[in-house]
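Reading through the structure tokens given below for one structure.
Values in this text are rule-based calculations from the coordinates and carry no lab data. Bear in mind that the values here come from a model prediction, so they are computed numbers and not experimental data. Neighbour counts are summed over all protein chains in view; Cβ atoms, including those assigned to glycine, are modelled from backbone coordinates with ideal geometry.
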């Protein structure tokens, strides 16, 4: 797949490093919201083997409060520009705002990673105009309330149908099918049981024909399984990423890049046999 001039083979699992330039993200909020600290972290992740750096200026953790467009632009655009100038890596922008998409791609971003699956007004038109790959994610509800007793008659079926429908809508609007990635949205309006059912069904999503992105790193599902706080969930996160990759996931969105890259090498060796 081509990401603004950078080709990546997604037939082997790739690692996406998370760079939250926010004060309130659940795991690393406030740690990388200066240009120097953000660039240093991006450099560290690239050296550790990240193929993507995912820059996010709006926290979408459960209970998160939306930020203004001006604030999101101010957080995201300078670091996208700085990474583009200094590092050889695909820049992904974690945003639902058409304006942030447009400005970021203009500065060198190669992937739009939208937790709202281009459902905001103007997002589909922006994606078509920009022409870079997009990742469509499933979320039940909105971040402020999405974990208030989420229910499904069949979480795997609902997520499959939703992502297929969003992809079909995008293709019908003129977007290139070969530039679509899907994400089941672990933790976005799902209980632990829902998340585990989805993790066990990654191969079903892969069969839909789109590369699958999985983001479980340090999330509450790992904490619930291990009974560990956020800063002690690395091993559980890598284990879940390994399962996802073995089941066919193409991109693993993680905080712990070095450890996940090493785990992906083992998965890739096994899949080659």
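With a Förster radius of 22 Å, plug the Cβ-Cβ distance of residue 121 and residue 74 into 1/(1 + (r/R0)^6) and report the FRET value to the nearest 0.05.
0.50
Relative contact order of the chain, please, whole-number percent, based on alpha carbon pairs below 8 angstrom and at least 6 residues apart.
19 percent
Suppose R0 equals 22 Å; then what is the FRET efficiency for residue 12 and residue 207 from their Cβ-Cβ distance, rounded to the nearest 0.05?
Working: r = 18 Å, r/R0 = 0.82.
Computed FRET efficiency for residue 12 and residue 207: 0.75.
Between residue 151 and residue 268, 0.36 nm times their residue separation minus their Cα-Cα distance comes to what?
On the way: separation 117, 0.36 × 117 = 42.12 nm, distance 3.52 nm.
My answer for the length gained is 38.6 nm.
Can you give the helix-only mean residue ellipticity at 222 nm for the chain, where every DSSP H stretch with n ≥ 4 adds -39500 (n - 2.57) and the sum goes over all residues, rounded to the nearest 500 deg cm²/dmol?
-13000 deg cm²/dmol
For the ranges 87-97, 152-162, 263-273, what's the packing order if you count other beta-carbon atoms within 10 Å of each residue, average per peptide, and put the highest first? Walk me through the intermediate numbers first.
Working: 87-97: 23.5, 152-162: 15.9, 263-273: 13.5.
My ranking of the peptides, most packed first, is 87-97, 152-162, 263-273.
If a/c stays under 1.5 just call it rounded; otherwise compare a/b with b/c (prolate if a/b is bigger, oblate if not). Do that for the chain, with a ≥ b ≥ c from the square roots of the Cα gyration tensor eigenvalues. Walk me through the numbers on the way to the answer.
Working: a/c = 1.17, a/b = 1.09, b/c = 1.07.
Here the chain falls in the rounded category.
For residue 4 and residue 128 in the same chain, what is the full-extension length gain: residue separation times 0.36 nm, less their Cα-Cα distance, in nm?
Contour length minus the Cα-Cα distance gives 43.3 nm.
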